[in-house]
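Encoded as structure tokens, the structure appears first; notes follow it.
The values are calculated or read from the model by the stated rules, or taken from the named source; none is laboratory data. Quick caveat, the model's predicted, so the values are computed rather than measured. With ideal geometry, Cβ positions are generated from the backbone for all residues, glycine too; neighbour counts draw on all protein chains shown.
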Amino acid sequence: MRVRVGYSNKVLPYILVAPQVIITLVFFIWPASQALYQSVQRQDPFGLRTRFVGLDNFAAILEDPGYLNSLYVTAIFSISVAALALGLALLLAVSADRVIRGATAYKTLLIWPYAVAPAVAGVLWMFLFNPTIGSVAFALKALGYDWNHLLDGNQAMLLVVLAATWKQISYNFIFFLAGLQAIPKSLIEAAAIDGAGRNRRFWTIILPLLSPTAFFLLVVNVVYAFFDTFGIIHSVTSGGPARATEILVYKVYYDAFEALDLGGSAAQSVILMAIVISLTVVQFRYVERRVHY
Amino acid sequence: MIEKKGMGTWLTHAVLILGVLTVAFPIYVTFVASSLTLREVLDAPMTLIPGSHLVENYRTALFSGTRMNATPVAGMLLNSLIMALVIASGKIVISLLSAFAVVYFRFPLRMVFFWMIFITLMLPVEVRILPTFKVVSDLEMLNSFPGLTIPLIASATATFLFRQFFMTIPDELVEASKIDGAGPMRFFRDVLLPLSRTNIAALFVILFIYGWNQYLWPLLITTDHRMDTIVIGIRRMLAAGDDQIEWPVVMATTMLAMIPPVLVVVVMQRWFVKGLVDSEK
Amino acid sequence: MAEVSLRGVKKQFGATQVIHGVDCEIEDGEFVVIVGPSGCGKSTLLRMIAGLEEVSSGDIAIAGKVVNTVEPKDRNIAMVFQNYALYPHMSVYENMAYGLKIRGLPKTEIRERVDRAAGILQIEALLERRPRQLSGGQRQRVAMGRAIVRDPAVFLFDEPLSNLDAKLRVQMRVEIRKLHQTLRTTSVYVTHDQVEAMTLADRLIVMNAGRVEQIGTPITLYEDPATLFVAGFLGSPAMNFLSGSVSADGRSVALPGGVTAPLAATHGAAAGRPVTVGIRPEHLDLAGDAPPTATIKVDLVELLGADTIVHGRIGDGGLLLARIDGAVPIRTGESLPVVLAPNAVHLFDPGTGARI
């Protein structure tokens, strides 16, 4: 990292970074190292003694059907949310980029769900699909489809996916639109002169040029689905019914605060940590590559 | 532009209008429910025409809360506002300071601190949930605003954003200020801060929403109802059990929970988009 | 008002030595230009005088006081930067007043000083504007105004005109010179542009690769360049260099194509040695009726109106440029007889580049 023209005070820089560094140490690095430490410890039933158990906690959770179920649920949930949120946002962004009149109005009307808390988004959709009073649930019943996400795990999954997607579309829309507007008009015009029609231009010119944005958003969406959707799950399904929507983040919370399984929760934390770290590495390596273009 | 007109146009508009309606529909239904009586809400199918009990429901929510919960939403709004403001301004202040130190000073532990801040990116609350709770509890910060806000104030994203921005400021400006006789803090106050105004505004929008929408953290840290933020408050109201839920009041509370952050995004749209796009670079 | 002394000034960045020892006495009120190609260390030298870079060894003194460890703000200097370095969020007035404000001057005095400087530079009408609302030339003036209000002992200029277009550059050059005649403040000016250097300087310091090649008035350097580098760097078009050898009697030099040029002085010591011969294009003239020194085979002619540049050859290796006054009808392919005054021939050691 480049050191630029600067100052050579001896004490001042330490005072300046102190607040950030102290908070980081106390609330980030220390707890994270505690999680690492506890993940290789086990407490006796009375909480009196702990002993070193190596990777036993990890082995235990990886054999636990509940955890494997949670992994499976998380995969289904994340893939569905990322695919839906990216696809719909791309469709809307391409449309908004095409229209001449009203583009700004559409933009304003599409971006605000970003501001809605995930938990609140969950409440909105839960109300729509409430089996006894929800408008959509009623409409579905009228069409002969019996909706009750409190009993049906697949329906519960669909509901949280919808709520999570609804909230994320605006974020993806903003980035796709910015990406589309960054494509030089001359390129599109050159393709048009070369005889490529609208569809062909989209598939051969626009989409490839948009792929860095899409890849970046894919990573962000996966991170979102993994970590930022806790509020949706907690407020809509609490992981149920029968653990059908128990994603990893919800399980780590539940095991720590409701089931009080210290070592297991710590091991789960460490696995989650590994997931975030690899996602961050992917993201940064990719960002670096983007800089070199 | 080529082929902007023509037969695809109405289809494009149709897609957009459908998108806008889908995005808006849940909110509209919520709004309608917040203007009805409980009986009207429970009378399936619920009407989609706003009723006449809007003011009444919002007043009930704001000043008395639901019967089961009995915590006025006005207090929750205030808690959310305090939390969002403290987190947003706290993050901005400490990130400005540390970015300033990392960019403009040479000191032995500079890179160590830089990486330490970077690592926080990889440690969201969810991956260190129990030990962090324990730290806050050991520091006796449970059920307090410091406990609710301070642990969330560290920010790698904001630090990197300001660092990035400071790097674009020409070296000559620092040198000119040195020759003009300004020391580091004076340069920070008179030159860096005013130049960072748009970045601060952009980041503030993003961070305000981040703070307002916190869920897991307040869920862990607060048990006292007087500390409830509005997002947590809704959850408590819904925990009453299906037959006991006072939907109109809950829906009014839901609307109240959305209005401030949505307003911030819509009013400060320009900064919001800039902040969002910049902070991901 | 102050003199500036550089005594054995050296600078290294890590293991790389970028300035190899500079000695120079700049007198009170003098306008000294440091000139050289990019990377020669001229800006580093200026920044050391300003206090923006530390001196690795040697001393820098301003007004008789060694300032090696003195902060820039306490050196009583002002600096004009290449990109102006105006504070973008402050008005022109605030930009000029900032340094005075930090020094705690009373408001009325600041107002007075800024108004006076603005008057000198004719920017009174711009005082309330922001830098981005100004043209390049106006920003340049504001940058100078910021220096003037401080009434410093020394002005430092770091390539201040290189961001301006050619026409404006000439105009600002004249203004800087006039300003110096009015204020008589000791000035050190860095540039890579030799024309700017020649026109502005009382004295020039020519630098190359971290070393001083020569110090002197522009005319001295033009007429008596101490090294091949100085000879080639100053003057436009650049001096012709040909390889030749001094005759046995030391009174003439043999050039390519069998040409012999007489020398003004006898170079007995160099007799018989190979040398690099320097001839300025403007010192070649049409032979007319006089006996020619050489005949140039013309490859290309550039008619500039005021003068005519002839690109040609003598012999096989001897590429040569001649600058002839007026628009002369010369054709490509023609053989052009020219004369050369003996005192216009410069001899250099081909190994060391030193003047013989």
Note to self: Given the condition surrounded by fewer than 20 Cβ atoms within 10 Å (Cβ to Cβ), assigned to a loop (DSSP other than H, G, I, E, B) and among the acidic types (Asp, Glu), answer yes or no: does some residue in region A:191-214 qualify?
What the structure shows: yes
Note to self: Take the residues in region B:165-215 that are of a type in the set (S, T, N, Q) and within 29 Å of the chain's Cα centre (by Cα); name whichever of them is nearest to B:VAL102 (Cα to Cα).
What the structure shows: B:THR168
Notebook entry, point to check: In this structure, does B:VAL127 turn out to be in a helix (DSSP H, G or I), more than 7 Å from chain A (Cβ to nearest Cβ) and under 22 Å from A:GLN38 (Cα atoms)?
Noted result: no
Next item on the list: Test each condition in (1) part of a helix (DSSP H, G or I); (2) surrounded by fewer than 24 Cβ atoms within 10 Å (Cβ to Cβ) for A:ILE133 and report the one that comes out false.
Entry: (1)
Checklist line | Selection from region C:255-268 of residues that are aliphatic (A, V, I, L, M) and assigned to a strand (DSSP E or B) | finding: C:LEU255, C:VAL259, C:ALA261
Item checked: Residues that are closer than 27 Å to A:TYR224 by Cβ, in contact (Cβ under 8 Å) with a residue 24 or more places away in the chain and not aromatic (Phe, Trp, Tyr), drawn from region B:97-118 -> B:SER98, B:ALA99, B:ILE117
Checklist line | Single residue of region A:194-218 satisfying the filter (touching a helix residue (DSSP H, G or I) at 6+ places or on another chain (Cβ under 8 Å) and among the hydroxyl-bearing types (Ser, Thr, Tyr)) that is modelled with the highest pLDDT | finding: A:THR213
Checklist line | The lone exception for C:MET144 - which of (1) crowded, with 20+ Cβ neighbours inside 10 Å; (2) over 24 Å from C:GLU3 (Cβ atoms) it fails | finding: (2)
Notebook entry, point to check: In region A:75-108, which residues are within 24 Å of B:MET258 (Cβ to Cβ), facing chain B (nearest Cβ under 7 Å) and surrounded by 20 or more Cβ atoms within 10 Å (Cβ to Cβ)?
Noted result: A:LEU92, A:ALA96, A:TYR106
Margin query: I need the strands (runs of 3 or more DSSP E) fully contained in region C:137-231, keeping only those with at least 3 residues that are touching a residue at least 40 places away in the same chain (Cβ under 8 Å) and over 21 Å from C:ALA85 (Cβ atoms).
Written below: C:203-208, C:211-216
Next item on the list: Please tell me if A:ALA256 is closer than 23 Å to A:PHE28 by Cα, facing chain B (nearest Cβ under 10 Å) and among the small types (Gly, Ala, Ser).
Entry: yes
Next item on the list: Could you please find all residues in region C:54-103 being surrounded by fewer than 20 Cβ atoms within 10 Å (Cβ to Cβ) and at the interface with chain B (Cβ under 10 Å from one of its Cβ atoms)?
Entry: C:GLU71, C:LYS73, C:ASP74, C:GLN82, C:ASN83, C:PRO88, C:HIS89, C:MET90, C:GLU94, C:LYS101, C:ILE102, C:ARG103
Check: Which ones in region C:237-254 are surrounded by 14 or more Cβ atoms within 10 Å (Cβ to Cβ), out of contact with any His (no Cβ under 6 Å at 6 or more places or on another chain) and part of a loop (DSSP other than H, G, I, E, B)?
Finding: C:PRO237, C:ALA238, C:MET239, C:SER247, C:ARG251
Note to self: All but one of (1) closer than 22 Å to C:GLU27 by Cβ; (2) crowded, with 20+ Cβ neighbours inside 10 Å hold for C:LEU183; state the number of the condition that does not hold.
What the structure shows: (2)
Next item on the list: Determine, yes or no, whether C:GLY257 is farther than 26 Å from C:ALA226 by Cα, surrounded by 15 or more Cβ atoms within 10 Å (Cβ to Cβ), at pLDDT below 85 and not assigned by TED's automatic domain parsing to the domain that holds C:GLU213.
Entry: yes
Note to self: Regarding region C:111-123, can at least one residue be identified that is part of a loop (DSSP other than H, G, I, E, B) and facing another protein chain (nearest Cβ under 8 Å)?
What the structure shows: no
Note to self: Looking at region C:16-64 only, could you name the residues that are among the polar types (S, T, N, Q) and without any contact (Cβ under 8 Å) to a residue 40 or more places away in the chain?
What the structure shows: C:THR16, C:THR44
Notebook entry, point to check: Taking region B:226-247, which residues are in a helix (DSSP H, G or I), farther than 11 Å from B:VAL73 by Cα and either more than 11 Å from chain A (Cβ to nearest Cβ) or touching a strand residue (DSSP E or B) at 6+ places or on another chain (Cβ under 6 Å) (or both)?
Noted result: B:MET227
Item checked: Scan of region A:228-279 for residues that are part of a helix (DSSP H, G or I) and closer than 26 Å to B:VAL250 by Cα, ordered by number -> A:ASP228, A:PHE230, A:GLY231, A:ILE232, A:ILE233, A:HIS234, A:SER235, A:VAL236, A:TYR250, A:TYR253, A:TYR254
Margin query: Of everything in region C:293-319, what is surrounded by fewer than 18 Cβ atoms within 10 Å (Cβ to Cβ) and touching a residue at least 40 places away in the same chain (Cβ under 8 Å)? Give them in sequence order.
Written below: C:THR295, C:ILE309, C:ARG313, C:GLY315, C:ASP316, C:GLY317, C:LEU319
Checklist line | Tally of residues being within 14 Å of another protein chain (Cβ to nearest Cβ) and more than 16 Å from B:PHE25 (Cβ to Cβ) across region A:161-175 | finding: 7
Margin query: Return the residues of region B:59-86 that are over 27 Å from B:LEU152 (Cβ atoms) and surrounded by fewer than 20 Cβ atoms within 10 Å (Cβ to Cβ); say none if nothing qualifies.
Written below: B:ARG59, B:PHE63, B:SER64, B:ARG67, B:MET68, B:ALA70
Checklist line | Lone qualifier among C:MET96, C:MET79 - being of a type outside the set (Ser, Thr, Tyr) and closer than 24 Å to C:LEU6 by Cβ | finding: C:MET79
Item checked: Residue match in region A:194-214 (condition: within 18 Å of the chain's Cα centre (by Cα) and more than 10 Å from every other protein chain (Cβ to nearest Cβ)) -> yes
Check: For region C:269-321, which fully contained strands (runs of 3 or more DSSP E) count at least 2 residues that are farther than 25 Å from C:PHE233 by Cα?
Finding: C:294-303
Next item on the list: Tell me which of these A:PHE28 doesn't satisfy, since it passes every other one: (1) under 25 Å from the mean Cα position of the chain (by Cα); (2) without any contact (Cβ under 8 Å) to a residue 60 or more places away in the chain; (3) crowded, with 16+ Cβ neighbours inside 10 Å; (4) farther than 18 Å from B:LEU121 by Cβ.
Entry: (4)
Check: Consider B:LEU142 against the criteria (1) farther than 21 Å from B:LYS91 by Cβ; (2) part of a loop (DSSP other than H, G, I, E, B); (3) at the interface with another protein chain (Cβ under 7 Å from one of its Cβ atoms): it satisfies all of them except one. Which criterion is unmet?
Finding: (3)
Checklist line | Output for region B:172-190, where each listed residue is of a type in the set (D, E, K, R) and in contact (Cβ under 8 Å) with a residue 60 or more places away in the chain | finding: none
Item checked: Output for region C:152-169, where each listed residue is over 24 Å from C:CYS40 (Cα atoms) and either modelled with pLDDT of 90 or more or crowded, with 20+ Cβ neighbours inside 10 Å (or both) -> C:PRO152, C:ALA153
